[in-house]
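A quick write-up on the structure given underneath.
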Amino acid sequence: DVKVTQSSRYLVKRTGEKVFLECVQDMDHENMFWYRQDPGLGLRLIYFSYDVKMKEKGDIPEGYSVSREKKERFSLILESASTNQTSMYLCASSLILQGALNTEAFFGQGTRLTVV
Amino acid sequence: SQQGEEDPQALSIQEGENATMNCSYKTSINNLQWYRQNSGRGLVHLILIRSNEREKHSGRLRVTLDTSKKSSSLLITASRAADTASYFCATKDSGAGSYQLTFGKGTKLSVIP
């Protein structure tokens, strides 16, 4: 059974803290993604990575950074958490077929982060 | 930037009825995917349709794709209360080296028993 696992289901952090959200996949997928989901705004892409040590900015990268040191693990870092980063964070992974065609994405269960 | 836009934003139907959701997008795509999300959970992939396909079926799901209009529709036939969820379309741009998967804002479907 394929799996994407996010390290925490719920997280409460203080303003200014450095926050790490971890995501691990067991499917040997090249692509990994971090999205945030807010009511009325849908899923917005923060960063994605198509290979180890490779990263690409998505639509809303400001205030975030990522790390992909191993193929199975993709970490999202909030350098200095702020209240406007309170959100649901979703990690996903997918395979890359020939011609850079994506297949379906598999999602983790989400991390609901509250910054107080 | 937001690629897919689902329509309607919310839909409420009786059990047994059909539910139709639409998605419009802006750029050339390799494929379009539909996902489902139960409240507070991650997304689950439902169906993928490639840019050279016009229609695809999977169980009670039927997806159409019109690349000339840059639009897709998801039809759920004979709906059940368990179909209550949010549904999202996602697109993969056809640009070389583009791995980004972009989601719309979703349609919230409520199926009343």
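The values are calculated or read from the model by the stated rules, or taken from the named source; none is laboratory data. Note that this is a predicted model, so its numbers are computed, not measured. Here Cβ is always computed from backbone atoms with ideal geometry, including for glycine, and neighbour counts include all displayed protein chains. For accessibility, only protein heavy atoms count, side chains too; no ligands or nucleic acids. Shrake-Rupley method; radii C 1.70, N 1.55, O 1.52, S 1.80 Å.
Run down B:56, B:69 and say which single residue is among the charged types (D, E, K, R), over 26 Å from residue B:112 (Cβ atoms), in contact with a strand residue (DSSP E or B) (Cβ under 9 Å, 6 or more places away or on another chain) and within 14 Å of another protein chain (Cβ to nearest Cβ).
B:56
Output the number of residues of the range A:28-60 satisfying the condition of being in a loop (DSSP other than H, G, I, E, B) and open to solvent by 30 Å² or more (accessible area, probe 1.4 Å). Reasoning before the result, please.
Of all residues in the range A:28-60, those in a loop (DSSP other than H, G, I, E, B) come to A:28-30, A:39-41, A:50-55, A:58-60.
Add one more test, that the residue is open to solvent by 30 Å² or more (accessible area, probe 1.4 Å), and what stays is A:28, A:30, A:39-41, A:50-55, A:59-60.
Total meeting the criteria: 13.
If the requirement is being open to solvent by 50 Å² or more (accessible area, probe 1.4 Å), within 14 Å of chain A (Cβ to nearest Cβ) and modelled with pLDDT under 95, which of these qualifies: B:100, B:9, B:33?
On the way: B:100 fails: open to solvent by 50 Å² or more (accessible area, probe 1.4 Å); B:33 fails: open to solvent by 50 Å² or more (accessible area, probe 1.4 Å).
Of the residues listed, the single one that is open to solvent by 50 Å² or more (accessible area, probe 1.4 Å), within 14 Å of chain A (Cβ to nearest Cβ) and modelled with pLDDT under 95 is B:9.
Examine the range B:10-33 for a residue that is assigned to a loop (DSSP other than H, G, I, E, B), without any contact (Cβ under 8 Å) to a residue 12 or more places away in the chain and in contact with an Asp or Glu (Cβ under 8 Å, 6 or more places away or on another chain), and state whether such a residue exists.
no
Can you go through A:114, A:103 and tell me which one is at pLDDT 95 or above, surrounded by fewer than 22 Cβ atoms within 10 Å (Cβ to Cβ) and in contact with a strand residue (DSSP E or B) (Cβ under 6 Å, 6 or more places away or on another chain)?
Unique residue meeting the criteria: A:114.
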